[in-house]
Amino acid sequence: MSRVGKRPIPVPEGVEVTLKGSEVTAKGPKGTLSRSLHPDMSIEFNNGVLTVSRPTDNKAHRSLHGLTRTLIANMVQGVNEGFQKGLEIVGVGYRSQLSGGKLILQLGYSHPVEITAPPGISFNLEGTNKVLVSGIDKELVGKVSAQIRAVRPPDHYKGKGVRYSGEQVRLKAGKSGKVGSKK
């Protein structure tokens, strides 16, 4: 059996989970999330605990078992606590600012790059070089963070660019000229 799939999902106080066929809806203090899951997976709600089980042991059902459980657990955690992902901007003259819900990035291009937050996502700034992307949908938070990072990924020679908080960028040595050759 799947180690991830057979773990029960505790539903905290203040979170309401509704099952309607293969549609799961989680409602909590931060908002509401709804997702349609694979119809073969059976989801049960007993005594404040959600459990996911699979009908057979074939490969497709084994792979869906852990995925389904993780998606539901992320929904429950998202509507209760929310998710956030930090980004750091490294480089001379690189900075960020908020203007009317838009994130404006100055990353060494000839123009500032504007990123509009999709519904359910909010941007917070800590100074001018740290951006916090937060929301209740873990998948959407990760997607928006990846889009911001893709505007100027970290350079492997100088380390400049946008990186995730705590991300370590291995710097390359670069050119060192002609070593050991005769003129």
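Quick look at the values:
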item	result
So Val113, is it among the hydrophobic types (A, V, I, L, M, F, W, C) and touching a Gly at 6+ places or on another chain (Cβ under 9 Å)	no
Residue in the range 110-127 that is assigned to a loop (DSSP other than H, G, I, E, B) and closer than 27 Å to Arg170 by Cβ present	yes
Candidates Val162, Val141 - the one that is assigned to a strand (DSSP E or B) and crowded, with 18+ Cβ neighbours inside 10 Å	Val162
The range 93-108, residues that are free of Cβ contacts under 8 Å to residues at least 24 places away in the same chain and either of a type in the set (Lys, Arg) or loosely packed, with under 12 Cβ neighbours inside 10 Å (or both)	Gly93, Ser99, Gly100, Gly101, Lys102
Residue in the range 69-84 that is in contact with a Phe, Trp or Tyr (Cβ under 9 Å, 6 or more places away or on another chain) and within 30 Å of His111 (Cβ to Cβ) present	no
Search result, residues across the range 39-78 that are out of contact with any helix residue (DSSP H, G or I) (no Cβ under 9 Å at 6 or more places or on another chain), within 17 Å of Thr18 (Cβ to Cβ) and among the small types (Gly, Ala, Ser)	Ser42, Gly48, Ala73
Any pair with Cβ under 7 angstrom, 6 or more apart, that starts in the range 45-73 at a residue that is closer than 24 Å to Lys138 by Cβ and ends at one that is among the polar types (S, T, N, Q) and in a helix (DSSP H, G or I)	Val52/Thr68
Selection status of Gly93, of a type outside the set (Ser, Thr, Tyr), part of a strand (DSSP E or B) and out of contact with any Asp or Glu (no Cβ under 6 Å at 6 or more places or on another chain)	no
Test: residue in the range 111-131 that is surrounded by fewer than 14 Cβ atoms within 10 Å (Cβ to Cβ), in contact (Cβ under 8 Å) with a residue 24 or more places away in the chain and over 29 Å from Ala26 (Cβ atoms)	yes
Candidate set: the range 74-132, residues that are among the hydroxyl-bearing types (Ser, Thr, Tyr) and in contact with a strand residue (DSSP E or B) (Cβ under 7 Å, 6 or more places away or on another chain); chosen: the one farthest from Arg152 (Cα to Cα)	Ser122
Elements of type strands (runs of 3 or more DSSP E) contained in the range 1-45, each with 2 or more residues being over 22 Å from the mean Cα position of the chain (by Cα) and not acidic (Asp, Glu)	16-20
Subset of the range 3-50 that is closer than 15 Å to Leu71 by Cα and small (Gly, Ala, Ser) - its residue that is surrounded by the most Cβ atoms within 10 Å (Cβ to Cβ)	Ala26
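Values in this text are rule-based calculations from the coordinates and carry no lab data. Since the model is a prediction, treat every value here as computed from it, not as a measurement. Glycine gets a Cβ as well: all are built from the backbone with ideal geometry, and neighbour counts include every protein chain shown.
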